[in-house]
Structure formats: structure tokens, C-alpha cells
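These notes concern the structure reproduced below.
No lab work stands behind these numbers, since they all come straight from the coordinates. Being a predicted model, the structure only gives us computed values, none of them experimental. Positions of Cβ are generated from backbone atoms using ideal geometry, with glycine treated the same way; all protein chains shown enter the neighbour counts.
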Amino acid sequence: MDRPSIEHILDLLTSAYGNRPWQPHDSPLNVLVQTILSQNTSDTNSTRAFRSLLATYPSWEDVASAEAHEIADAIKSGGLGEIKAGRIKLALREIRQKRGRLELDFLNELPLDEARDWLKQLPGVGTKTANCVFLFSLGRPALPVDTHIFRVARRLGLIDAKTTVEKAHQRLERLVPPDKVYPFHVLMIEHGRKVCKAPRPRCDDCVLSGLCQYFGQSRPLKRISLTRKRRCNKLFIGSEARAPLNLKHTGGTEMDKIAKAMEKAGFPSGDRYDLPSSTKTFPDGAHYRVEISGMETPKVLAATCDEAKKQGVPFHRSISVVRGASMLTREQLKEFAQIAYDNQVEVIMTPGPRPTWYTGRQVATPEGALSGLRMRGMDSVRHYLMDIERCIEIGFRGFLVWDEGVLSLLNTMKQNGDLPEDVVFKVSIFAGHANATGVKLVESLGADSCNPVADLTLPELASIRSVVNIPLDVHIQLWASMGGFNRIFETPEIARVASPCYFKMEPGPGLGMYMPWGMSEDTLAELGREKIRSIKNIIEIVGQVHPELKLSKQGPKDLRVPVPK
Ligand code: SF4
């Protein structure tokens, strides 16, 4: 199916919703603030917040000089008050610093691309926000692509499935004639809100169905009524008519039912391509923290803590003795607990021998690896519990779990008073959870945080975040032996979408990393130092892109730092 023409789309949308001529809105600076306030909330709420801001402060100078928490109070009706207050304040300060006064009218004198680049230098201002300023305030042909436009454009086939939101801005702006940018923006949003909805598009009521690729691919011929076929007579011809149901979408009747059933059960019916900002944080208000694995001996932990101090970066949580705590003597464990306590680092201890180094080698075979990591028999569960008991005696309060059955048992033991109330359980990456249902399950079984598989996309992480409250532990680098990647430049968006989250780095070849007789202590200590240095880069990148996102200070109160006995 050919890409539909913009003119044709606009004709049909105008016939459905009416003409949408451009109206002068407000000054560029006012529109900038209004756009920041409109992020992740309804028009009604953001308008209310904007009015409240104007009523509280006589001028933008007063806003720029106010405390962020006071601004947050004035705009609280718009939601995410603290984050938006920080963005507004920073943007105003930057404008004043660069221009000497608080106004943006000069942007109308610059070529559009130059003006856009200038505005995007401001903290928290991306292409969409910048384009809102140019389109609404100055009537210039800059197209903001919001979640509705992005979704409808994808379904129509104006952009392909791999196009990112950033690229969509460029592609759609090239496709839409300059004098049509405003009606295209407004009508596509109206259509997305009323008809082409995210989970269940109302294709049967859609004026664009005759042009729409999604509609063409998701409906087999036999389901289309005669009336419908006449209305869409150009559509169902040849192979397109017999295209299989696209399970990724929810356009058809059966898919509608499945989507409804999933939502009724409390889960999103798909991944969250709209990438909402997470509204959840750690108890201290932070969005992200630092987790370092591979802390196999006291010497490795000490080296990593030293490096963290040297580099001036926090180190919140240590995933420890992943080879199995039974590899260390009681004295070594005591030393480990003391180092963690002295540095206020939470320790997640790994009890017992791991299934990979236990009897039963199914998981070590290529096919067997597909079966996941589970405790083998109740004897091994008892051994695991014995190691937990030993670590608790020494003062550790956090444990790694990779088996849902065992997690459920641990939680029951906690409720029965057979384990201390303040122990926490982290579900390991090796449990293999990769969607919202699995992470929700382990949360319901008592997990205090979950490390899903390492290479989930942002929409996949967003869909998980939409249903769970526990922190997500997200690998930013991963060993070559498990796929090998480095997504360091994604960290700002991961922190925004998935918070609260622990960022973790696993650089290097990895092979045999946790084999009890694997890497030397010195190699592990050097790796620990390297992870800390990578974390320093992450903090810098997140700070540049999303300065409003918070990183916990060292030793926040909710961590279960060991209490050496
Ligand atoms: S036919 Fe369906 S998917 Fe296509 S634009 Fe209309 S509502 Fe959206």
C-alpha cells in the first residue's frame, strides 16, 4: 500500500472535524512555559497550573528568582510539580543569562532551524517543546509530534515502525506543506484522541480507514461487512486482503477483546510507546541509584568503595558473592559486612552454590539453558536457606533470588516471623523476566526489586513501570558473553521512564565471571573500579539531558546496609 498523501488525509480529517485555521496564541516565552506545564497532563490541568503561576508571580523575573518548591506549589494542579518547577526555573535562568532579559521574541528573526537549535539548548527543551513555541506562538511551520500524532502517523504508514519520535519530527515536517502544519498538528491530535486511540482504535468509525496501512494489514477479508467493503473498496485487494492478523496491534474485534481482557486484569495491552515519565521515585525522592555486581570478596568491595570515593560518585548497592556466599568463610563475610557498613552500601548477598555450579547440568547445555535458572529439589532450597541464615547472623539483610517458588517461600517465612522483617529480596536477571506480567508477579510474591533481562526497550520498560512500584535494576553495560552492549546514552530516558531504577554496569568479556574458580580477585577489583568510572559518565549524561532527575546521595535511609554483629 502506498504512503497516503498529506492533502488527502487533511481533506478527510477536515470533513470530519472542520477547519482549523491558525490563531495567534501567546508570547513565545508564555508558550514555552505552558508547554512545559502541559507535559504528562491534561489540557485542563496544565491551563489551571499556568493560570495559578501567573496569579502567584507578577513577572517571569519573579518566577526565575523563586524557590523551586514554591513554584511547584503554585503549579501543583498540573501534576509533577517539582519536576516541572525545576525545568521552568532552569529554562528562565538560562534565557536570562544568554539574552540578558526574559523574552524570546528575537527567535522570530532567525531562520527556523537556527532558532530551533537555540531553544533546544535550554535545559528540558526538546524538539517537541521547541516546535510548540514556533507553531503556536509565531505561526512558523515547525511540527510538534506528540504521542497521538506519532501513533496515528505510524498506523497510517507516514512513518515506519522503526522511526523514533525524534526522527518522526524531521520526516513529518518534510512531508507536510508549511501552510498545512498547523491544521495537520491539530487535526491529527483530535483524531488520535477521538478515534485512533492507543489501545483500541475505532477503525470502523474512521474516515481514514481507506488510506490506512494498519487497517489494511490487520483485517482479513471475511470479517469486513458488505457496507464496510463498499466504503473501503480500494483496500482489500489481492494479498493485502489475506494478510494475517497482526498480533502486535489491536485493531480487529478479537484483538479488541484480548486488549480489553488484559486491561481488565490490570495490565497494559501493549508496550508504552508514548513513554510517559514515571511518577515513582525512591523514598528519598531520587530517580536512580548505582548498583555494582561482581563484589565477590572483601578486597573487591573495598577497592570499589575506594574508587567511588576517589571519583566522588555514590555507590548504593552491592550485588555480592554471586559465586555463592558459601564460598566465603564466616570471617570473610564479617569483613565484607563491616566494609559495606563503613561505606553505607546495601548488600544483596547471593546464598549458596548457584544452580549453574550445582548438581544437575541441564541449565549448562544449549537447549537446557532455555529452561531458566531454578532451584533443583528441596534439598538445594534448604541449603540456600541455611546460607541465608548464616549471612543474617553476620548482619546481612539483602538476598538475591532467581526462583519464584523460593521467593514465595521466603516471603511466607518473613510473614511467619522465621526471617527478620527487614530483609529484602532482589530478583536476579537470571530469573529472565521480560514483561510487565512477570515483574508484577515477583512483586506480588514479595520481591523488593527486580532485574529484568538486560536489553528491554524503553516502551517495554515503560509498560513494566506502569504496573509495578518496586525499583527496576537496569543493565547499562553487559558482558560480551551475554550479548554485550553499552546503552550509556539511553540512561537519561531510562531514568525518566523507569524510575525508580538502579543503573548497573557489567563490562568485559564476562565468561566465567561468577564461576567459583573464575576471575582473580585483582581482576575483579579492577573491574569494580572500572564500573565506578563508567557510573561517573552516566551521572554526567543524565545531568545534561534531564537535570531535574535526582540521584540518591550515599547511604539513603531505606537501604538495608549490613549491620555487622
Ligand atoms: S483506520 Fe484505524 S488505525 Fe487507521 S487511522 Fe483509522 S482508527 Fe487509526
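So for each of 184-196, 283-295 I average, over its residues, the number of other beta carbons within 10 Å; can you give me the resulting order with the highest mean first?
Details: 184-196: 20.5, 283-295: 23.5.
Ranking the peptides 184-196, 283-295 by packing returns 283-295, 184-196.
What's the magnitude of the charge dipole for the range 6-193 around its Cα centre, counting Lys and Arg as +1 and Asp and Glu as -1 at the beta-carbon? Answer in Debye, nearest 20. Spell out each step's value before the answer.
On the way: 25 positive and 23 negative charges, 98 e Å.
The calculated dipole for the range 6-193 is roughly 480 debye.
Would you order E307, E70, E460 from fewest to most other beta-carbon atoms within 10 Å of each residue's own beta-carbon?
On the way: E307 22, E70 13, E460 18.
Lowest count first: E70, E460, E307.
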Across K197/K264; K128/K280; K334/K531; K167/K426; K76/K536, pairs whose alpha-carbon gap is larger than 26 Å: K167/K426; K76/K536
Overall form of the range 6-193 per C-alpha gyration tensor (a/c, 1.5; a/b vs b/c): prolate
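Hydropathy at least -0.5 by Kyte-Doolittle, axial extent at least 18 angstrom from the Cα trace: which helices of the chain, defined as entire DSSP H runs, fit? Mind dumping the intermediate values first?
Working: long enough: 43-56 (19 Å, -0.41); 81-99 (26 Å, -0.86); 181-194 (20 Å, -0.01); 298-311 (20 Å, -0.61); 330-343 (20 Å, -1.14); 377-394 (27 Å, -0.05); 521-545 (36 Å, -0.13).
Helices meeting the span and hydropathy rule in the chain are 43-56, 181-194, 377-394, 521-545.
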Three-way shape label, the range 288-545, alpha-carbon gyration tensor, a/c 1.5: rounded
Charge-dipole axis of the chain as Lys and Arg at +1 and Asp and Glu at -1 on Cβ define it, positive-most pick from S499, P351, T523: S499
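At R0 = 25 Å, how high is the FRET efficiency between D284 and Q544 if r is their beta carbon distance? Nearest 0.05 is fine. Spell out each step's value before the answer.
Values: r = 22 Å, r/R0 = 0.89.
According to the calculation, E is roughly 0.65.
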Eligible aspartates and glutamates near K194 by straight Cα distance, threshold 16 Å, same-chain separation 8 or greater: D43, D146, D204, D205
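Would you please classify the overall shape of the chain from the alpha carbon gyration tensor, given that a ≥ b ≥ c denote the square roots of the eigenvalues, rounded means a/c under 1.5, and beyond that prolate means a/b larger than b/c while oblate covers the rest?
Oblate.
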For the chain, with +1 on Lys and Arg beta carbons and -1 on Asp and Glu, the positive-most of I159, V63, A436 along the dipole: I159
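Under a point-charge model restricted to the Cβ atoms of Lys and Arg (+1) and Asp and Glu (-1), what is the dipole moment magnitude of the chain relative to its Cα centre, in debye to the nearest 20?
Working: 76 positive and 66 negative charges, 374 e Å.
Its charge dipole is roughly 1800 debye.
Could you calculate the FRET efficiency of S520 with T457 from 1/(1 + (r/R0)^6), where r is the beta carbon distance between them and R0 is 30 Å, rounded to 0.05? Kindly include the intermediate steps, with their values, before the conclusion.
Working: r = 36 Å, r/R0 = 1.20.
Efficiency at R0 = 30 Å is approximately 0.25.
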Theoretical FRET efficiency, 1/(1+(r/R0)^6), r = Cβ-Cβ of T56 and N469, R0 30 Å, to 0.05: 0.40
